[in-house]
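Each remark here refers to the structure printed beneath this line.
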Amino acid sequence: MSRIALCLLIAALVGCANEDDAPAADSARLVTTSPVRTADPGGARLSGTVTARFETPVSFQVDGRILERRVDAGDRVEPGQLLFRLDSRDYAQAVAVARADLEAARAELEADRAETRRNRDLLDREFISKQIFERVQLAEKSARERVDAAQARLEQARNRLGYTELAATLGGTLIEVTGEPGQVVSAGQPVGVIAQNGDPEVEVFLPERFGVPQSGRVVDGNTTVAKLSLREAAGAADAATRTWKARYVLTEDDVPLRLGSVVKVELAVDGDAGGMLEVPVGAINERGEGPQVWIIREGRAEPVRVVLLDMDAENARISGDLEIGSQVISLGTHLLQSGMPVRAFE
């Protein structure tokens, strides 16, 4: 084969390979797109969670197997009320051992005291030297210290026995219960969470460009349920989501908000609502790595991470690196893969 024919053959093979690599227009998945819009600047609506100001995990101070659970999630508890009880047999035996050790140490101390009295008489009658008497006194002192140590060990054993009963130290609502009878738990492992008595608060996560509004309201549609006032905000943004956690207190009493419920919060934001954007709810896709939307770049689907602020039945409010008017894929995002050939439906 001539050199010219060989070159022509190689060029033909390369051309075929390039044609195979390029996505055919017919193979691109048809998708529906929608434009990114600016959210209503009159007030930024976010989702918030109703929480107690103080939510205290409850746990045992010793290890053991749960023998009894006397409460359920949602129960109201009072200070001193028994919540859980561990199997206390091992701790009761430890108390018995410590008590026996204390009795033995006390017996030794009595014997050393009697020895000291006898040797004091001998010293007064000059039958023994002062150095021998000092050694006898030292033995009595050591016996007294052993009694003190045994007494301390007995108190510790009694304390551990008492720790097998877990009682509420404050009043409130038991919002979570994770301990079950028969379960082996370690010291400090939470078995429940008590929301302390007091006025509830609303916890929201503010986007980085949003700022920290000082006031707002809980809304139901266009109806104001309660007015809010900022109590505290995190000093730094979360490293992963780039949001600030903020807590708002209710400025009115006796507002019927249940702990743990999700509410709509409208915050007083100046300007463009902190760069809040709006897209169809179908554009939001989450695969265990946080919310994202999909755009079309050079004929291929590409995910863009966003912060989900709020959503309703039709639209989602987000914050992210998107331009107003740019197109996002609004349907079937669960079927997309990064780099998949796609084509907007016309």
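The values are calculated or read from the model by the stated rules, or taken from the named source; none is laboratory data. This one's a predicted model, so the numbers in the text were calculated from it and none came from an experiment. In this analysis, Cβ positions are derived from the backbone assuming ideal geometry, glycine residues included, and neighbour counts consider all displayed protein chains.
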query = Which one is surrounded by the fewest Cβ atoms within 10 Å (Cβ to Cβ), of the residues in the range 327-346 that are touching a Pro at 6+ places or on another chain (Cβ under 7 Å) and not in a strand (DSSP E or B)?
reply = SER338
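Listed here are the residues, each with its yes/no results for (1) at pLDDT 95 or above; (2) in contact with a His (Cβ under 7 Å, 6 or more places away or on another chain); (3) small (Gly, Ala, Ser).
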| site | (1), (2), (3) |
| --- | --- |
| ASP20 | no, no, no |
| ASP40 | no, no, no |
| PHE84 | yes, no, no |
| ALA98 | yes, no, yes |
ask   = Which condition does ALA233 not pass, out of (1) within 23 Å of GLY320 (Cα to Cα); (2) in the same structural domain as ARG76 (by TED's automatic domain parsing), if it passes all the others?
value = (2)
query = Across the range 237-285, which residue is surrounded by the fewest Cβ atoms within 10 Å (Cβ to Cβ) among those that are modelled with pLDDT under 85 and within 20 Å of the chain's Cα centre (by Cα)?
reply = ALA239
Inter-residue pairs, beta-carbon under 7 Å, first closer than 13 Å to GLU115 by Cβ and in the range 135-150, second among the polar types (S, T, N, Q) and modelled with pLDDT under 95, 6+ apart = VAL136/THR116; VAL136/ASN119; GLN137/THR116; GLU140/THR116
request  = Just give me the residues in the range 201-235 being surrounded by 15 or more Cβ atoms within 10 Å (Cβ to Cβ) and not in a strand (DSSP E or B), in sequence order.
outcome  = GLU208, PHE210, GLY211, PRO213
inquiry  = Against the condition touching a Pro at 6+ places or on another chain (Cβ under 8 Å) and either closer than 23 Å to ARG70 by Cβ or surrounded by 13 or more Cβ atoms within 10 Å (Cβ to Cβ) (or both), how does ALA139 come out, does it pass?
reply    = no
ask   = Hey, GLY74 hits all of (1) modelled with pLDDT of 95 or more; (2) in the same structural domain as VAL184 (by TED's automatic domain parsing); (3) not aromatic (Phe, Trp, Tyr) but one; which does it fall short on?
value = (1)
ask   = Within the range 29-103, which strands (runs of 3 or more DSSP E) (wholly inside it) include 3 or more residues that are of a type outside the set (Ser, Thr, Tyr)?
value = 29-31, 44-52, 55-59, 64-69, 82-86
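How many residues, within the range 174-195, are surrounded by fewer than 18 Cβ atoms within 10 Å (Cβ to Cβ), touching a residue at least 40 places away in the same chain (Cβ under 8 Å) and not small (Gly, Ala, Ser)? It would help to see each step written out before you state the result.
Looking only at the range 174-195, we keep the residues that are surrounded by fewer than 18 Cβ atoms within 10 Å (Cβ to Cβ), and these are 175-176, 178, 180-184, 186-190.
Add one more test, that the residue is touching a residue at least 40 places away in the same chain (Cβ under 8 Å), and what stays is 175-176, 180-184, 186-190.
Okay, now just the ones that are also not small (Gly, Ala, Ser), so 175-176, 180-181, 183-184, 189-190.
Residues in the range 174-195 being surrounded by fewer than 18 Cβ atoms within 10 Å (Cβ to Cβ), touching a residue at least 40 places away in the same chain (Cβ under 8 Å) and not small (Gly, Ala, Ser): 8 in total.
Of ALA246, ALA234, which residue is over 28 Å from THR178 (Cα atoms) and among the aliphatic types (A, V, I, L, M)? Explain how you work it out, then say what you get.
Details: ALA246 fails: over 28 Å from THR178 (Cα atoms).
Matching residue, one of ALA246, ALA234: ALA234.
Answer with yes or no whether LEU122 is at pLDDT below 95, assigned to a helix (DSSP H, G or I) and at negative phi. Full working, then the answer.
Values: at pLDDT below 95: yes; assigned to a helix (DSSP H, G or I): yes; at negative phi: yes.
Yes, satisfied.
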message = If I go through the range 302-328 residue by residue, how many of them are touching a residue at least 60 places away in the same chain (Cβ under 8 Å) and under 34 Å from the mean Cα position of the chain (by Cα)?
response = 9
message = Take the conditions at pLDDT 85 or above, more than 24 Å from VAL212 (Cβ to Cβ), of a type outside the set (Gly, Ala, Ser) and in a loop (DSSP other than H, G, I, E, B) and apply them to GLU323. Does it pass?
response = yes
